[in-house]
């Protein structure tokens with residue numbers, strides 16, 4: 001029973017990844033950017049430490065994008081009419097993704113700069 005519940009939890013998590021990928025345009029962009037970074041990492045033969053940093057950045061951005069999507073859907077479900085609180089909640093969640101994406105982009109530039117130049 002315990003193992004069955006754990007496997008079901010993994011199945012639900014993968015369903016969530018699939019649902020976010022299908023329904024969220026920004027999720028597709030983040031996945032494409034991550035794929036480009038991974039291909040570049042193999043192409044340039046980056047170090048293990050650089051791999052760890054890049055994968056952490058990719059995972060952070062994708063994870064935050066999924067949380068942002070969930071927060072937006074939940075907010076839309078709770079607040080059926082436009083209100084300042086709903087706007088604030090959605091803007092802050094989107095801002096978190098933006099900060100992570102910007103810092104991840106800067107991290108990528110720092111890592112790949114020495115290989116490109």
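Read the figures in this text as sums done on the coordinates, not as results from a lab. The shown structure was predicted, so the numbers you read here are calculated from the model rather than taken from an experiment. All Cβ positions, glycine included, derive from the backbone under ideal geometry; neighbour counts span all protein chains shown.
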Practice problem: Extending each Cα 7 Å along its Cβ direction at residue 23 and residue 52, get the distance between those two points in nm, one decimal. | Solution: 3.6 nm
Quiz item: Percent relative contact order of the chain, based on C-alpha pairs within less than 8 angstrom and at least six residues apart?
Solution: 28 percent
Practice problem: Mind pulling the angle between the C-alpha long axis of helix 84-116 and the longest principal axis of the chain? Nearest 10 degrees, somewhere in 0 to 90. | Solution: 10 degrees
Quiz item: At residue 115 and residue 81, where each label point lies 7 Å from the Cα along Cα→Cβ, what is the point-to-point distance in nanometres?
Solution: 5.4 nm
Practice problem: Quickly work out the residue 107-to-residue 92 label distance, labels modelled 7 Å from Cα along the C-beta direction, and quote it in nm with one decimal. | Solution: 2.4 nm
Quiz prompt | 26 Å tail of the calculated P(r), the chain, as % of Cα pairs | solution = 36 percent
Quiz item: Quick one: helix 48-78 against the long Cα principal axis of the chain, what's the angle to the nearest 10°, folded into 0 to 90?
Solution: 20 degrees
Exercise. Compute the long axis of helix 25-44 from its Cα atoms, compare it with the longest principal axis of the Cα atoms of the chain, and write down the angle in degrees, 0 to 90, nearest 10.
Key: 20 degrees
